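Okay, structure first, notes after.
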Amino acid sequence: MRYTRVDALLSLKPKAQFSWAGTEIYSELNYLSSDTPPTEAELDAEVTRLNKVYNDAKYKRDRAAEYPSVVDQLDDIYHNGIDAWKATIKATKDKYPKS
């Protein structure tokens, strides 16, 4: 995923009303809300921040895709106990460590 200036504007001004003339060139932003629009530098900084947050959380997405379903985890606990369940979860955590 790659965040854009539209995403940044919505992040900074969630209730803003605006239109963009087919591109994200700042001079083509038609800001319709009564408050002050973010500057081009503020939008670009927010794009950078959003992309960093997304990239830094990759391990979470990878883990979520690999963890067994909650039903399967509960079944594992019931049949094999907490320690076996912890071992299953730890294997995924070890495979996708926090950055």
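The table below lists the values:
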| quantity | calculated |
| --- | --- |
| Backbone HN-Hα couplings from phi across region 44-54 [Karplus 6.51/-1.76/1.60, Hz, Gly and Pro as x] | 5, 5, 5, 4, 4, 5, 4, 5, 5, 4, 4 |
| Burial order of peptide ranges 62-68, 43-49 (average beta-carbon count within 10 Å, highest first) | 43-49, 62-68 |
| Sites residue 15 and residue 48, calculated FRET efficiency, Cβ-Cβ separation with R0 22 Å, nearest 0.05 | 0.45 |
| Percent breakdown of C-alpha pair distances by 10 Å bin, ordered from the shortest bin, for the chain | 14, 30, 17, 16, 15, 7, 0 |
| Given charges at beta-carbon only (K, R positive; D, E negative), |dipole| of region 5-56 in Debye | 160 debye |
| Rounded to the nearest 20 debye, dipole of the chain from Cβ charges on Lys, Arg, Asp, Glu | 280 debye |
| Farthest positive-ward along the chain dipole, Cα basis, beta-carbon charges - from 71, 1, 41 | 71 |
| Computed FRET value (nearest 0.05) for residue 28 with residue 1, which takes r as the C-beta separation and R₀ as 22 Å | 0.40 |
| Total formal charge among the other residues, if their Cβ is under 9 angstrom from that of residue 43, Lys/Arg +1 and Asp/Glu -1 | -4 |
| Rounded D (µm²/s) - region 5-56, Kirkwood Rh over Cα pairs, Stokes-Einstein at 4 °C, 1.567 mPa s | 114 µm²/s |
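Each value in this text was obtained by applying a stated rule to the coordinates, not by laboratory testing. Being a predicted model, the structure only gives us computed values, none of them experimental. Methodologically, a virtual Cβ is constructed for each residue, glycine included, from the backbone with ideal geometry; neighbour enumeration extends over all protein chains shown.
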